[in-house]
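One structure is given below, encoded as structure tokens.
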Amino acid sequence: MKIEAYLFGGVAVFFLVVDVVYALLSLEPAGVAALTVSCLMAALVSAFCTANHRRRGARPEDDKQGEIRERAGRLAFFPPKSGYPPLTALGAAVAGLGIVYGLWLFLIGFGLLVAGAFGMVFEFNDR
């Protein structure tokens, strides 16, 4: 993850430099905002990769002499079938339609969306 952290850190620095130059030479705020958000998103991914590398250390694929068998075994917990992702998608769709058709439909969709999101987050909280 160290290489990925450096890669996204370089992307964040690139967007920061371009953002500063664009802000100085342009009077248009939308481009400055887009470049700022791009810089922040790349910095977020870089920070995640750095934290993950510090917590877990080097991966077997980072070793030039690594063998395929070093990656064998359980990687992480992957949940079995769940009804919450379709509920979340339905809630997002109904909330989107509610923006067009009325507040009452938006509130129903938002309720479904929140219920689905909380269900996904807390469904396997005992592990």
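The values are calculated or read from the model by the stated rules, or taken from the named source; none is laboratory data. Note that this is a predicted model, so its numbers are computed, not measured. Note that each Cβ is placed from the backbone with ideal geometry, even for glycine, and that neighbours are counted across all protein chains shown. Accessible surface is based on the protein model in full, side chains and every heavy atom, while ligands, DNA and RNA are left aside. Shrake-Rupley method; radii C 1.70, N 1.55, O 1.52, S 1.80 Å.
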Here the residues within the range 60-115 that are polar (S, T, N, Q) and in contact (Cβ under 8 Å) with a residue 40 or more places away in the chain are S82
What are the residue pairs meeting all of these: first residue in the range 25-36, first residue at pLDDT 90 or above, second residue hydrophobic (A, V, I, L, M, F, W, C), Cβ atoms under 7 Å, and 6 or more apart or on different chains?
V32/A23; L35/F15; L35/V18
From L112, L103, L75, residue being out of contact with any Asp or Glu (no Cβ under 6 Å at 6 or more places or on another chain) and surrounded by 13 or more Cβ atoms within 10 Å (Cβ to Cβ)
L112
Collect the residues in the range 22-47 that are open to solvent by 80 Å² or more (accessible area, probe 1.4 Å) and under 16 Å from Y6 (Cα atoms), keeping them in residue-number order.
L40, M41, L44
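Provide a single number: the residues in the range 14-33 that are closer than 27 Å to N52 by Cα and out of contact with any Cys (no Cβ under 8 Å at 6 or more places or on another chain).
2
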